[in-house]
Amino acid sequence: CGSQQGMGFDAGLLAFLEREQVPATLFINVRWIGPNRQAFDRLAANPLFEIANHGQQHKPASVTGRSVYGLDGTRNVAELIDEIELGAAKIAALTGRRPRFYRSGTAYYDEVAVQVAEALGQQVAGFSVLGDKGATYGRDEVKAALLSARPGDIVILHMNHPESGTRAGVMAAIPELMRRGFSFVRLSEQ
């Protein structure tokens, strides 16, 4: 499981955020926790970071099985409930805190999925800046995306692909954003 694509984490990116005191909301998928348990525990204990729910199987949130970016969505309400609730329950069991926010795999939701998530006490979280395009952007593309941010924007980035350009782009953009007067917050502080 630990050798699967996307099951690692970018320790350099996280160390940079800690060193620069940049808070972040980290959407954690249950499948990622197992091979990264020590890192998860450390992140969850760090008040700089807020742990949020990224589901159990990283599926798009659907009641029809809609495929998004090649990933099959949840097929019905029962599967959707499992995807959301089992993710939230696992995080709560490990941290003692139930996550407040939920982002599905691919950040896709149909209307019913949003209603189900809300009924389960999970606030659906979108984004306004595509920071690394699923960890496919190179350094300069990530930097440009972040520098396009306006006050109040929510940027989506991936910490689970250390081979991507995400870290280098973030490290290039954050100091410039700080010079421009930007501050960074967790979603719960928005």
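Computed from the coordinates by the stated procedures, all read-outs in this text should not be read as laboratory data. Note that the structure is a prediction, hence the values are computed from the model and not measured.
P(r) for the range 1-112, from all Cα pairs and a bin width of 5 Å, is 2, 12, 21, 22, 19, 13, 7, 3, 0 %, short bins first.
Compute the projected area of the convex hull of the Cα atoms of the range 50-149, averaged over all viewing directions, and report it in nm² to one decimal place.
6.8
The Stokes-Einstein estimate for the range 25-79, based on a Kirkwood radius over Cα pairs and taken at 25 °C with 0.890 mPa s viscosity, is a diffusion coefficient of 197 µm²/s.
Its Cα gyration tensor gives the chain an equivalent ellipsoid; the semi-axes, largest first and in whole Å, are 26, 18, 17.
Rounding to the nearest 10 and keeping the result within 0 to 90°, find how far the Cα-based axis of helix 166-179 lies from the longest principal axis of the chain. For helix 166-179, the angle is close to 60 degrees.
Distances between placed amide hydrogens fall under 5 Å for residue 101 paired with 53, 123, all partners being 5 or more residues away or on another chain. Cross-link partners for residue 143 among the lysines, with Cα-Cα distance under 17 Å and sequence neighbours closer than 8 places in the same chain left out: 133.
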